[in-house]
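Please treat every number below as a calculation from the coordinates, not as lab data. On a predicted model such as this, the values are computed, not experimentally measured, just so you know. Don't worry about glycine lacking a Cβ; one is built from the backbone with ideal geometry, like all the others, and counts go over all protein chains shown.
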Amino acid sequence: MSENRRYLGELLAEFFAVAIIILFGDGVAAMYSLYDPSPYKTAYWGVCIVWGLGVTVAIYATGAISGTHANPAITLSLAMFRGFSWKKVLPYISAQVLGGCAGAAVVYSLYVPVIDHFNLAHNLTRAVDGGASGVFFTHPGDFVTVSHAFWDELVLTAVLVFGIFAITCQYNTQAPQANSSALIIGLLVAIIGASCGYLDAWAINPARDFGPRLFCFFAGWGQSALPAPGNYFWVPIVAPLIGGPIGAALYQFGLRPFMPRYLEQTVVVSPEGINPAEPVLVVSNPGDPAFPVVNRVS
């Protein structure tokens with residue numbers, strides 16, 4: 001396979017990964033928000049599990065191609081600490097945001113009559129009141145200010161990336177094997193939502209929030225989507241991009257140096273990126289002299 005074709009496959013994989021996550025995640029958000037009685041109002045854990053399993057499905061579908069970053073905060077963290085090619089960062093992020101738009105469009109096509117009925121029944125409009133916008137993008141929860149939501153998103157994304165780096169670390173002998181790590185990462189997403197999701201709907205992913213928000217801007221929500229009340233739109237973009245690398249650094253420098261060494265393995269990689277058969281999330285940091293260089297990425 002040519003390098004250009006492989007690279008195209010990586011971008012398509014990132015696009016589909018986020019689209020899959022949004023399809024299931026925004027779909028369950030619609031079930032939670034638009035129906036009365038909602039099947040999830042007294043079973044919020046179900047919402048968290050669906051989001052998490054959406055991540056799991058996305059990893060199983062695309063991980064062998066791109067590593068399933070599916071999150072700009074993860075892409076940035078991998079570039080900073082695990083040797084992911086910097087020239088791929090912006091294209092990956094663009095594909096992820098477009099995937100978020102596409103996933104939201106599919107959910108909208110499924111739920112548009114229910115959305116319209118919900119807004120009519122509650123005397124809401126899309127552009128003025130942001131009616132049903134919670135199906136697609138996040139807002140601060142009760143008693144949470146915009147500035148506090150920034151802190152929430154920073155901390156929760158740091159927890160997410162810290163956990164992913166631990167789960168996928170090749171030197172962590174207690175980490176799950178490749179075929180089960182997708183499920184554990186999905187459960188990590190679910191646990192974050194179950195413990196802190198009501199604070200601000202736990203975006204912890206700029207593409208997960210901005211992609212659907214961008215779609216909604218053009219689908220009638222207008223200023224309630226962008227810039228959103230209190231100009232909130234930037235919070236789920238900037239805070240995860242700060243929190244993700246913080247979580248990665250805490251793992252890389254706090255725990256990773258003390259992990260047992262794995263036996264060195266040799267994997268052939270392309271000079272411009274990862275071995276396409278090897279998920280990015282298990283690529284080691286090539287700059288660490290304390291451990292053998294495995295799956296080195298230029």
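Given an 8 Å cut-off on Cα distances and at least 6 residues of separation, report the relative contact order of the range 1-109 as a percent. Please report the intermediate quantities before stating the final value.
Details: 119 pairs, mean separation 47.4, N = 109.
Once normalised by length, the contact order is 44 percent.
At q = 0.13, 0.15 Å⁻¹, what is the base-10 log of I(q)/I(0) for the chain according to the Debye formula with one equal point scatterer per Cα and no solvent? Please give it to two decimals.
-0.85, -1.11
Using just the Cα positions, wrap the range 1-70 in a convex hull and report its mean projected area in square nanometres, one decimal place. Provide the component values of the computation, followed by the final result.
Numbers: hull surface 18.6 nm².
Spelled out: convex hull of the Cα atoms, projected over all directions, averaged, 4.6 nm².
For the chain, set up a Gaussian network in which alpha carbons nearer than 10 Å are linked by springs, and say which option among Gly163, Gly230, Gly134 fluctuates the most.
Largest GNM mean-square fluctuation: Gly230.
Can you tell which of Gly254, Gly220, Gly103 shows the greatest fluctuation in a Gaussian network model of the chain with Cα springs below 10 Å?
For the chain, modelled as a Gaussian network with Cα springs under 10 Å, the answer is Gly254.
Of all chymotrypsin sites (Phe, Trp or Tyr not before Pro) in the range 33-97, which ones are in loop regions per DSSP and have a Cβ with at most 15 other Cβ atoms within 10 Å?
Details: sites: Tyr35, Tyr40, Tyr44, Trp45, Trp51, Tyr60, Phe81, Phe84, Trp86, Tyr92; in loops: Tyr35, Tyr40, Phe84.
Answer by residue number: Tyr35.
Obtain the nm distance between the two label points defined at Met1 and Val106 by a simple spin-label model: each point lies 7 Å from its Cα along the Cα-to-C-beta direction.
It works out to 2.0 nm between the two label points.
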